[in-house]
Every structure is written in C-alpha cells, then in structure tokens.
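Down below is the structure, laid out as structure tokens.
Read the figures in this text as sums done on the coordinates, not as results from a lab. These numbers were taken from a predicted model, which means no experiment stands behind them.
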C-alpha cells in the first residue's frame, strides 16, 4: 500500500469515527432545509448553524418515489423533493423563517416569487400552494455541495408513507381537474396526442422533459425555441403541455389557427383565446400574420393609427391598469380600467387635483390590489411630484402616453366612451 493510499484510508477512518452527531433542535438558530431528487428517490436534511459557525444536522429523511411520481418531469421531481421535505419537517418549520436549498436552478423562480401560479404546470401549481404555509427563501446551491441530500435520494431507506400518498394523490387530482378544464373534446385531445406521438420534435421535447434537458448550446434547430419554456413544459397522460396549454405540433397548427380566428376577431381577442388552451413557439406571431393576411378582416378593419403603447395581455387581473379623467354633465370623474378583465371603476371627483385623484385610487387599490403598471396621459394630475411619490410608495410603475396621441392609452379612452354611452 502506497503512502498516498494509506493516508486516504486514515482520512476515511477518521471521518467515520468522527461523523456528525445529530444536534438538538433550537428554534432560535438559523435553519435550512436541503432537498434533492433522483430518478427513484427523494432525500432531505434539516441543519442548523451552531455557535461555532458550523452547520449540524438535526434530522435526515429519504424515501422512494411512488409509481406515479416516477413519471413526473425532472423539474417536478425536484419541486416534489422540496415540497415533501418541508412537509416531513413541518413540526420544525411552521412559524419559522428558514432557507430552502436546491441544486436545480430553474426551480428558484418557480417556487420563489418569480412566477405566478397560472404560469406553472398543474403539478407545480399544487406544490407551490402546499409551500405557501411556510416562511422560506429559496437558494440555489451547486450539486457538488448538496452531497448529503443527493446521497439520501440515491439510497432511499423508506417506502412512501400514508402522508406521501396523500400528497401524490392530491397533486394528481388537481392535475386531472386542470386538464379537464381545457376547452377540447376527448376526440380532439386524442387527435392532438396522436399527432404529438408522430412528431419527432414533440417526442424529443417529451424525452427532455422526463429525463432532463441538455445544455442550451447542444440543442439544434427548432428545439432551441423550447429551451426558454423548459421550466413550464410537462407531460400529462402522454400529452405535452406548456403550463395548462396543449403544445400543438406543426401538422395541426393551421387548423387550430382557423378555429382561433372563427368570427374574425382581432389580434388581442384571438391571442386571449389561445392563451388559455394552446401553445407552440411563435404562436403570437402566427396569429398576427393570419389576421394581417385575412381578406375579410382587411375589408372591415378601421384604419386606426398604430398605438404608442402596446396592449399585451397581462397574466392576471389588476396587474396592469389604465386611468384617465372625464367630464360628464358638468361633473369630473376618475376612470380606471383593468387590462385583463376590462372591468371599469368610476369615481366622482370633488376637485381635479392630484391629491383627490390619489385618494380615490387608494380606495380602488384597496379593493382590487395594487397594480404593477398604471398607464395614464401626461395630465398634471398624473405627472405631479405628489403622484410620482404615490407611485413610488405603492410600488407600481407609471407609464405615460403622448398628449397628442390619446390612442396610446386606448383602453381607458374606450372605457370613457363606454361610460358616457
């Protein structure tokens, strides 16, 4: 035995003899939960930082995946590991601020604050809702530093317990309810599933979803277009989905576009129909191209000037609103419209000052929530230092349109016409 090998043996024996001893739990100490998933198991450890500055284990856990869980997308398995770990250690964690560590970087915006629920796959939606009772901050840690949880996930010692099956069944029931809400008949769904099975790109994406994605620079051709959506792609019942939207293969896209454009509605309404049911890379551009080249739409389209501000569909109600003032029967009113639902709020103003406008906006926001974006014109009521301070304190972004082009704030202009009518 060489001296080098001998030293390695001594080091290993020393590590075995001096393995970390489980520490007593102290709710006053910094706490973190580390979780990881393999293709067949989950592993987790709860550690606390002691007075010497080192982190010591308090409790370990591992278990095998159920048959249903083994069919999850890789990112869903990673999310399951974090959700299961927090549930398993809930007696230590409820009411406590802690750090949740993962070696899967795409998980950070999904289980953190970067994504809203309706942007996630059905399984991730349910898992994130499960985690809402915990007060955690999620942190990415390279896999080479997460060796404890990784080792536990690859050598699980426990079979799934009753609570684990409850979580799995709860998630699956939620997934089924979401899938059943998709506006398509069983025959249509089966047709789409069959075309996906015959499409090489869809089958490759399904493989990546289940087994994990390669590095971006290794993707070729159209597969690169799926890379930005890898965290929201999933497979349910053999069908590829992006969130809750069905991924349509090329052979069916023209047919789907024709159905979306039934009634010859405009770009915004057609996109709104698509956003709840179907998706493929470039669908928004395809819808615009279809409508621009539609002869029926061209004959009936009014020649409006191009708006200065795009009216992209927001992800949720009261995320983006527009505001304006109007005069009606010698009275002044504040008009606020929600871009998502087109719901209109109306408030009579005693005075047309920034202070009065702010007072009524606070009342509206207290009922519906503070928006992320508020669009207005450059009227003195909206561009005063007082209104700028209001926007800054409440945390919303104010966007102003040109005084010469009211179409830049077209949504609220239409709302004003609606109210007056």
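In whole percents, the pair-distance distribution calculated for the stretch 31-150 from its alpha-carbon pairs, binned every 5 Å from zero, is 2, 12, 23, 25, 21, 11, 4, 1, 0.
Report the normalised scattering of the stretch 340-403 as log10 I(q)/I(0) at q = 0.19, 0.25, 0.26, 0.27 Å⁻¹, calculated by the Debye formula with identical scatterers on the alpha carbons. Treating every Cα as an identical point scatterer, log10 I(q)/I(0) equals -0.76, -1.34, -1.43, -1.50. Dimensions of the stretch 313-367 along the principal axes, based on C-alpha atoms and rounded to the nearest Å, stand at 36, 21, 15, largest first.
Relative to its residue count, the stretch 33-100 spans a Cα convex hull of 89 Å³ per residue.
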